[in-house]
1. With a Förster radius of 35 Å, plug the Cβ-Cβ distance of TYR115 and ARG193 into 1/(1 + (r/R0)^6) and report the FRET value to the nearest 0.05.
2. Can you put PHE19, PHE157, PHE27 in order, fewest other beta carbons within 10 Å first?
Amino acid sequence: MTAHARNGQSTLQKSLPSFFYTSSEIFERERKLIFSREWFCAGREEELPAPGNHIVLEVAGESILAVRTASGVLRAYYNVCRHRGARLCATPSDSDWNVNLTGGVMSSGVIRCPYHQWTYNLDGELIAAPFLNAAEGFCREDFSLYPVGLDAWGGFFFLNLNPATASEKRSTVRAQLGPAFERTARYPLDALRTGHSISYAVAANWKAYPPNSARSFQSSSRPVVRIWIGKREFRIAKVLTPLQKRALQIARLSPA
Ligand code: FES
């Protein structure tokens, strides 16, 4: 049960049915309807300050490679080679295989597949494919890395797994953030730098986590995130609401 105050009066909203928090079919539906379609925050721009800096992120079961290109912009791609689908950049779980292949984002500013050495520039274009040439009807331009949508706001970067649909529907980070965009306009979010981060696995459905984690940040019934710049404290309304709204919309679409 969630309480909301409206016009001075408290109203209650029903939680989703319990199986929405446990069913793998529901999660698969959320993966398709939410995580594969919408923009979500994936990190801070300052994590990748220089050309060639990169990060591998796991997003809704997909491995995503975000890089700073030679011209200084951030781009993201599926971490998958266009030849035989090998992973371009290793992830921590790959070390289970005890195989050390040479590949990934190289210091020379290229992305090299460790399997057969296909090589891409940081803009995702295929620049070398050993043993294949134009005489065999092979056209390198047709084999760029598959892009992932990337947009930035307030120093945060956001990813969208389906950039073609996002562009078709004119879905943007700004539109998705809704009122949070205006509400935070006075705050210098771009100037923030990460002081410390903590990663931990939570044994809970993703929808259960935001309202519960908000407890530790809030000082009243209204969820806020507190950020300190120097000695000054800024309080910002939580920006997770659109995702929670989306889950509720999906609940309504679901068969009874
Ligand atoms: S799978 Fe990448 S070069 Fe063959």
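Derivation of every value follows stated rules applied to the coordinates shown; laboratory data play no part. Source: prediction; values computed, not measured. Ideal geometry is used to build each Cβ from the backbone, glycine not excepted, and the neighbour counts take in all protein chains shown.
1. Values: r = 37 Å, r/R0 = 1.07.
Efficiency, rounded to the nearest 0.05: 0.40.
2. By the 10 Å Cβ count, ascending: PHE19, PHE27, PHE157.
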